[in-house]
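Note sheet for the following structure.
Values in this text are rule-based calculations from the coordinates and carry no lab data. Bear in mind that the values here come from a model prediction, so they are computed numbers and not experimental data. Don't worry about glycine lacking a Cβ; one is built from the backbone with ideal geometry, like all the others, and counts go over all protein chains shown.
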Amino acid sequence: MKEISFAEIVHQVEFMCQKANFDLGEDVYSAFKKALQTEKSDTGKEILSQLVENADIAKRDQVPMCQDTGTAVFIVELGQDCRITGGSLIDAINEGVAKGYSAGYLRSSMIYDPLNRKNTGNNTPAVIHIELVEGSQLTLHMTAKGGGAENMSSLKMLKPSDGVQGIKDYVLDVVKVAGPNACPPLVVGVGIGGNFERCAYLAKKSLFRPIGVRHSSKEIADLEEELIQQINRLGIGPQGMGGSTTALDVKIESEACHIAALPVAVNLNCHASRHQTVQMG
Amino acid sequence: MPINIQLPLTEEHVRTLRAGDRVLLSGTVYTARDAAHKRMAESIREGKPLPVELTGQVIYYVGPTPARPGEVIGSAGPTTSERMDLYTPALLEKGLKGMIGKGHRSEVVKQSMIDNEAVYFGAVGGAAALISRSIKASRVIAYEDLGTEAIRKLEIENFPVVVINDIYGGDVYIDSVAKFRQDK
C-alpha cells in the first residue's frame with residue numbers, strides 16, 4: 001500500500017492551477033502557429049498573432065492568459081493500492097485550488113449557490129471526478145475551464161436511427177450556434193454513448209487529450225478528422241469574425257450504451273485549452 | 001490600418017464606423033458585467049441616479065483578475081456580451097454610445113443600437129494579458145462589494161477592437177462569416 005500525504009497533494013494542485021493559467025501548453029501554442037500559416041482572413045490572422053503574443057506575455061510575466069481563470073476541473077485516477085494520509089483527497093484538492101488561486105492572483109469565479117450567487121472568494125469548490133484504477137499511483141488531470149465556452153456546450157439524446165450523420169449534424173449545429181461566444185478557435189470535445197450523465201463526462205474527458213493526438217480507434221479518429229474539416233468550412237473563424245480556423249481540434253470519447261439510445265454531448269473549449277497532469281506515488 | 005479614436009465617442013465617430021473596422025481606442029471606459037448591470041437596471045427602474053453619467057460613454061464587459069502589488073490591473077479580456085442584453089437597451093436610452101465585449105447581441109439590442117446610434121466593439125476573448133497592457137489606470141468607482149464585478153473607471157491607450165455592429169445594421173458575425181463559409 002502506497003501512501004501519499006495530504007500536504008503533497010495540496011502542493012501539487014497549487015502548482016497545477018497556476019501553471020495551467022500562466023503557461024499555455026505547447027500543443028495549443030503550436031496549433032496557433034500552424035493556423036497562422038493557413039488562416040485565410042486578415043482579421044483572423046491578426047487575432048491569431050495577438051493570441052501568440054498573449055501567450056508569450058503570460059508565460060514571461062507569469063500572469064493569467066485569460067481573466068476567466070476558470071472552474072478548476074479534475075479527473076483523478078486513484079490507484080486502488082494507494083492511500084491518502086492526513087486528510088481526505090477532496091479536501092486536499094480544494095485546499096490546493098484555494099491556495100493556488102489566491103497566491104497566483106487568479107480570479108475567483110465560483111459562487112456558493114446558483115440562486116443567491118455570492119462568490120466563495122477562493123475559486124473553490126473544484127469539480128472533481130474520481131476514477132478508481134489498478135496500481136498504487138495517484139494521477140491528477142486538471143483543467144481551468146472558462147465559462148464562455150462551457151455556456152455554449154450542449155447534450156442531446158439522439159435516436160439510434162440518427163446514426164453517424166446525426167452525430168455530425170448535431171456537433172456542427174452546436175459549433176454554429178456558439179459562433180463567437182465560445183471564443184474560437186475551439187477545441188471541440190464530443191462524448192458519444194454512455195447514458196445521460198456519462199456522455200457529458202466523456203465529452204469533458206476528451207478535452208484532456210492534447211491537441212493533435214487522435215483517438216486510438218481508427219473509426220473514431222477518422223470521425224475526428226472529418227469533423228475538424230467540416231467545422232473549419234463553416235467560416236466562423238478566430239473570435240467568430242470570419243475565417244478558416246474555427247476548430248484547432250476535435251476530440252471524441254465513446255462508450256457502451258443502451259439499445260434504445262444514442263447520447264451525444266458537445267463540450268466546447270475556448271482556445272485557452274488549459275490542462276495539466278501530475279503523477280504521484 | 002486601424003482607426004485611432006479618442007474617447008468619449010462622438011456622433012461623428014459613431015456615424016463613420018462600419019462593421020469590420022479595426023479600431024484603437026484611447027481615453028476613458030467603464031467596466032461592468034452581470035451583477036453591475038443588474039444593479040444599474042434596478043436603479044433605472046426605481047428612478048434613482050446611475051453611478052456613472054453614460055452620455056457618450058463606453059462600457060467594457062470585463063471582470064479582471066486581481067492586480068498584483070504594483071500592477072494597474074490584472075488580466076482583463078472581454079466576457080460574453082449576451083448576458084448583458086436584457087439590461088442594455090435601457091442604458092443605450094440613457095446615452096451609452098459604445099460597448100466592448102465578445103459574442104452575439106440579441107435582435108432587441110441590435111435594433112436599440114440603430115435607434116440610439118451606438119456601436120458594439122469586439123475585443124479578442126482570451127487575449128487578456130495582452131489587453132491589460134493597454135490599460136493605464138484603473139479605479140473602482142461603484143459597487144465595490146461586487147469585487148471583480150465592481151464598476152471601474154479605466155484609462156486605456158490604443159486598446160485594440162473590431163467594430164462588430166454598426167448603426168447601419170452591419171454585423172461582422174454574420175457578414176464576415178458568410179464571406180468565408182465553404183459548406184454551402
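Quick notes on this one:
- Among A:Tyr105, A:Tyr29, A:Tyr201: highest mean-square fluctuation, GNM of chain A, C-alpha pairs under 10 Å: A:Tyr105
- Added length on full extension, which subtracts the Cα-Cα distance from 0.36 nm per residue, B:Ile114 to B:Ala178: 20.9 nm
- Binning the alpha carbon pair distances of region A:1-146 at 5 angstrom intervals from zero yields the distribution 2, 10, 16, 17, 15, 13, 11, 8, 4, 2, 1, 0, expressed in whole percent.
- Where a label projected 7 Å from the Cα of A:Glu226 along Cα→Cβ would reach, residues of region A:192-215 with amide N under 11 Å: none
- Between A:Glu26 and A:Asp42, residue separation times 0.36 nm minus the direct Cα-Cα distance comes to 3.3 nm.
- Percent of beta bridges antiparallel (DSSP, region B:3-180, rounded to nearest 5): 55 percent
- Other residues whose C-beta falls under 12 angstrom from the C-beta of B:Ser81 contribute a net charge of +2, scoring Lys and Arg +1 and Asp and Glu -1.
- Note on B:Lys94: lysines with a C-alpha under 23 Å away, same-chain residues under 8 apart excluded, are B:Lys38, B:Lys48, B:Lys102, B:Lys110, B:Lys153.
- Among beta bridges that DSSP assigns inside the protein assembly as shown, antiparallel share in %, nearest 5: 55 percent
- Measuring nothing but how far apart in sequence close Cα pairs (under 8 Å, 6+ apart) lie, relative to its length, chain B scores a relative contact order of 29 percent.
- Among B:Tyr168, B:Tyr60, B:Tyr120, residue whose mean-square fluctuation peaks in a GNM of chain B (springs only between Cα atoms under 10 Å): B:Tyr168
- Theoretical gain in end-to-end length, A:Val278 to A:Lys118 [0.36 nm per residue, Cα-Cα removed]: 54.4 nm
- From the alpha carbon centroid of region A:72-108 to that of region B:34-93 is 34 Å.
- Region B:34-170: C-alpha gyration tensor shape, a/c 1.5 cut-off, then a/b vs b/c: oblate
- Within the listed set A:Glu131, A:Glu219, A:Glu95, the Gaussian network model of chain A (springs between alpha-carbon atoms below 10 Å) gives the highest mean-square fluctuation for A:Glu219.
- For chain A, taking a cut-off of 4.7 Å between Cβ atoms, the unpaired cysteines are A:Cys17, A:Cys66, A:Cys82, A:Cys199, A:Cys257.
- Ordering A:Gly240, A:Ala55, A:Gly193 by the projection of their Cα atoms onto the charge dipole of chain A, which places +1 on the Cβ of Lys and Arg and -1 on the Cβ of Asp and Glu, puts A:Gly240 at the extreme positive end.
- For a modelled paramagnetic label at A:Arg83, 7 Å from Cα along Cα-to-Cβ, the residues of region A:125-140 in reach, with backbone nitrogen under 16 Å, are A:135-138.
- Listed peptides A:204-212, A:242-250, B:68-76 appear in the order A:242-250, A:204-212, B:68-76 once ranked by packing, highest mean of other Cβ atoms within 10 Å at the front.
- 10 Å Cβ neighbours from other chains, averaged over peptide A:229-241: 6
- Taking every DSSP bridge with both residues inside region A:148-272, close to 55 percent are antiparallel.
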